[in-house]
Amino acid sequence: MAVERTLSIIKPDATRRNLTGKINAVFEGNGLRIVAQKRIQLTKATAGAFYEVHKERPFYNDLVSFMISGPVVVQVLEGENAVLKNREVMGATDPKKAEAHTIRAQFAESIEANSVHGSDSLENAKNEIAFFFAGTEILP
Ligand code: GDP
Ligand code: MG
């Protein structure tokens with residue numbers, strides 16, 4: 001197995017409900033190390049660019065509005081198979097379909113306000129990490 005890095009975002013529904021620490025405890029309890037982290041306010045331009053891959057989807061405008069509705073915590077998680085591991089720890093996009101132990105099953109409000117983002121491939125993880133972090137901000 002390879003040590004990987006993945007990009008995580010704790011979304012505005014979770015920062016609003018003061019869940020950052022509880023979510024980070026789930027990452028750490030599953031062997032994912034938080035090697036970079038910052039709390040930021042996304043702009044419409046930044047959120048729109050980050051989710052550009054979804055721009056033809058019907059939920060795109062709502063998603064961008066949601067992502068700028070409050071602060072987010074952007075993070076780099078590191079660990080064995082971190083990309084897939086984080087997707088497992090997050091659970092399915094729709095919290096109603098997520099397994100009980102996952103972050104989304106425990107904390108998400110809806111399919112949109114689903115508490116966390118995680119990169120879905122190693123290639124996307126590299127691009128998404130570079131979108132938010134300079135190399136000097138990542139401290140393993
Ligand atoms: P993820 O990789 O599990 O985060 O899911 P996607 O990449 O497919 O979608 C990105 C984000 O868009 C999701 O995490 C949700 O916040 C939102 N989203 C996905 N599907 C829907 C939907 O059907 N309706 C709404 N309102 N939002 C959605
Ligand atoms: Mg996705």
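The values are calculated or read from the model by the stated rules, or taken from the named source; none is laboratory data. These figures come from a predicted structure and were not determined experimentally. Neighbour counts are summed over all protein chains in view; Cβ atoms, including those assigned to glycine, are modelled from backbone coordinates with ideal geometry. Ligands, DNA and RNA are stripped out before the accessible areas are found, and what is left, the full protein with its side chains, is counted by its heavy atoms. Shrake-Rupley method; radii C 1.70, N 1.55, O 1.52, S 1.80 Å.
A few remarks follow.
- S65 being within 17 Å of E4 (Cβ to Cβ), surrounded by fewer than 21 Cβ atoms within 10 Å (Cβ to Cβ), out of contact with any strand residue (DSSP E or B) (no Cβ under 8 Å at 6 or more places or on another chain) and of a type in the set (S, T, Y): no
- Any pair with Cβ under 7 angstrom, 6 or more apart, that starts in segment 1-30 at a residue that is closer than 14 Å to G118 by Cα and ends at one that is of a type in the set (F, W, Y): L7/F132; I23/F107
Rundown of residues vs (1) open to solvent by less than 50 Å² (accessible area, probe 1.4 Å); (2) away from ligand 1 (no atom under 16 Å from the Cβ), yes/no style:
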{"residue": "N30", "(1), (2)": "no, yes"}
{"residue": "A36", "(1), (2)": "yes, yes"}
{"residue": "A45", "(1), (2)": "no, yes"}
{"residue": "Y51", "(1), (2)": "yes, no"}
{"residue": "N61", "(1), (2)": "no, no"}
{"residue": "V76", "(1), (2)": "yes, yes"}
{"residue": "G79", "(1), (2)": "yes, yes"}
{"residue": "K85", "(1), (2)": "no, no"}
{"residue": "G91", "(1), (2)": "yes, no"}
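- Test for P95: is it open to solvent by less than 70 Å² (accessible area, probe 1.4 Å) and either under 15 Å from R33 (Cβ atoms) or touching a strand residue (DSSP E or B) at 6+ places or on another chain (Cβ under 7 Å) (or both): no
- Answer from S69, S121 - the residue that is in contact with a helix residue (DSSP H, G or I) (Cβ under 6 Å, 6 or more places away or on another chain) and of a type in the set (S, T, N, Q): S69
- Within segment 71-85, residues that are within 9 Å of L7 (Cα to Cα) have Cβ atoms under 7 Å from residues that are among the small types (G, A, S) and not in a strand (DSSP E or B) in these pairs: V83/S119; V83/S121; V83/A125, counting only partners at least 6 apart in sequence or on another chain.
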